[in-house]
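For reference, the structure discussed in these notes is given below.
Laboratory data are not the source of any read-out in this text; all were calculated from the coordinates shown. Because the structure is predicted, anything quoted here is derived from the model rather than measured. Cβ sites come from the backbone with ideal geometry, for glycine too, and all protein chains shown count toward neighbours.
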Amino acid sequence: MDKLKLQDLDLNGKRVLLRVDFNVPLDNQGNITDDTRIRESLPTIQYILDKGGSIILLSHLGRPKNGPDPKLSLKPCAVALSALLFPPVIMAPDCVGSQVEQLAYFLKQKQILLLENVRFYPAEEDPQLDPTFAKKLASLGDLYVNDAFGAAHRAHSSTCMIAEYFPGKAAAGLLMQKEVDALESLLLHPKRPFYAIIGGAKISSKIGFLNALADKVDALFIGGGMAYPFLKIRGIPIGDSLCESDALPLADAFIKHCAHKHLAFFLPTDLTIADAFANDARSQIISVQQGIPDGWQGMDIGPQTIQEWTAQLKKAASVFWNGPVGVFEFSHFAKGTNAMAHVLAELNAVAVVGGGDSVAAVNHLSLSSHFTHVSTGGGASLEFIEKGHLPGIDALSDIPK
């Protein structure tokens, strides 16, 4: 990573604008259901405090549609972070404005101020709507540190434009460094054979990533909703299973791409199907060659697929996993995803989980410590693999020559 690092900055007595990714899941009562992203920010926060800096935290949460939304306030994150460290976090009433400026100006050494959700302002996601928004955020601090890998693929005001106001003083946090180092090591110097398991719902959102991955790995395993266009293009009935209308040409082109590269390509050989998209739906296991009948839909890979994939994966020296291989949020259809998590956790190999619901599955099973790296960024990790860089990283200061 050829960008300025947190460790390169003189933090003593400085107000550090720290972009974190506190985009955590909330239940209907506004309670945080998984605080992984908050916990992952702790090393950077503690480092700044130990070096004598004060911290002004910036983050987004969810997708507010019409300005401020109390249901998407970062107040629960302030409470959660306060419970994890000392001193307690000061919650700002907004992310810009005179009140926020006063709080930032009088912030004492080793204090923490959390700004309100930056997406309450449309200019966060579309900086051109108000170029002064990034400038107002920047005016609150002396230094800028980006530790929000999960948002680094967005060229937004707080992840990208703000860095322009900190020439030679915009650095990568410890989590950002860890994420980039892990992915660069996997992509540039993978131990072989290098396999990838790709699940999730839609092929259209991942086709660029898939094409890039096909040039790097020795075998691909496709499960979840991603598998059904590939099965349909091979003439196998998929019933009412998820399948985008424009997915078939993409699937066909990708199969040909893999064949041209002589890349081992594994699809499910059996499936657990159901007569409704519900946990209590009637289900049965079928061979893929039978095809899925009308009125039924694929919900998970079957036991034969789990057995076959497990045997292959045990040969891997490196594995990248992104996306569940079934509807794992339903306990009756989580067997395949849970099995993949356990198999990878037990491998004597480099095992990296690339964000999204596959991380949720690993955390739910308390297996994260058994993996080489569990990424906090789903879309960011995929785009980094596809393009080799991200806007939020590109915007940081270069290491001085």
Legend entry - DSSP beta bridges in region 6-177 [antiparallel fraction, %, rounded to 5]: 5 percent
Legend entry - For region 11-106: rounded, prolate or oblate by the Cα gyration tensor [a/c cutoff 1.5]: oblate
Inset, instruction - Would you please report the Å³ per residue occupied by the convex hull of the alpha carbon atoms in region 6-177? - result: 102 Å³
Legend entry - Size-normalised alpha-carbon gyration radius of region 98-193, reference 2.2 N^0.38 Å: 1.29
Inset, instruction - Using just the helices of the chain, give the 222 nm mean residue ellipticity in deg cm²/dmol: DSSP H runs with n ≥ 4 each add -39,500 (n - 2.57), and the total is spread over all residues, rounded to 500. - result: -9000 deg cm²/dmol
Inset, instruction - Compute the whole-percent fraction of alpha carbon pairs in the chain spaced more than 35 Å apart. - result: 32 percent
Legend entry - Percent of Cα-Cα distances greater than 23 Å, calculated over region 250-379: 39 percent
Inset, instruction - With θ set to phi - 60°, apply the Karplus curve 6.51 cos²θ - 1.76 cosθ + 1.60 along region 393-401 and write out the HN-Hα couplings as whole Hz, x wherever there is a Gly or Pro. - result: 8, 4, 6, 6, 5, 6, 5, x, 5
Inset, instruction - Only bridges with both residues in region 190-387 count here: give the DSSP antiparallel percent, nearest 5. - result: 30 percent
Legend entry - DSSP beta bridges in the chain [antiparallel fraction, %, rounded to 5]: 25 percent
Inset, instruction - Pull up the cross-link candidates among the lysines for residue 3, meaning alpha carbon to alpha carbon under 19 Å and not fewer than 8 places away within one chain. - result: 169, 178, 387, 401
Legend entry - Radius of gyration and Dmax over the Cα atoms of region 206-249, both given in Å: 11.4, 33
Legend entry - Segments 379-388, 38-47 sorted - mean Cβ within 10 Å per residue, highest first: 379-388, 38-47
Legend entry - Dimensions in Å of region 193-299 - Rg and Dmax from alpha carbons: 13.9, 43
Legend entry - For region 155-166, Karplus couplings with θ = phi - 60° (6.51, -1.76, 1.60), whole Hz, Gly/Pro x: 8, 9, 4, 8, 10, 9, 4, 4, 5, 4, 8, 10
Legend entry - Amide proton proximity set for residue 56, modelled H, under 5 Å, gap of 5+: 16, 17, 18, 113
Legend entry - Orientation-averaged projected area, Cα convex hull of region 129-285 (nm²): 14.0 nm²
Legend entry - Highest-first arrangement of 311-323, 144-156, where packing means the average Cβ count within 10 Å: 144-156, 311-323
Inset, instruction - With 10 Å bins from zero, work out the P(r) of region 169-251 over every alpha carbon pair and list the percent per bin. - result: 16, 37, 27, 15, 5, 1
Inset, instruction - Among 349, 133, 150, pick out the residue whose Cα is farthest towards the positive end of the charge dipole of the chain, where Lys and Arg carry +1 and Asp and Glu carry -1 on C-beta, about the Cα centre. - result: 349
Inset, instruction - At 4 °C and 1.567 mPa s, grab the translational diffusion coefficient of region 59-108 from Stokes-Einstein with a Kirkwood Rh over Cα pairs, rounded to a whole number in µm² per second. - result: 105 µm²/s
Legend entry - Given charges at Cβ of Lys, Arg, Asp, Glu: the chain dipole, positive-most of 115, 399, 359: 399
Legend entry - Simple Cβ-charge dipole of region 226-308, Lys/Arg +1 and Asp/Glu -1, about Cα centre, in debye nearest 20: 360 debye
Inset, instruction - With an 8 Å cut-off on Cα pairs and a minimum separation of 6 or more residues, tell me the relative contact order of the chain in percent. - result: 17 percent
Inset, instruction - In debye, nearest 20, what is the charge dipole magnitude of the chain about its Cα centre with +1 on Lys and Arg Cβ and -1 on Asp and Glu Cβ, if you could check? - result: 680 debye
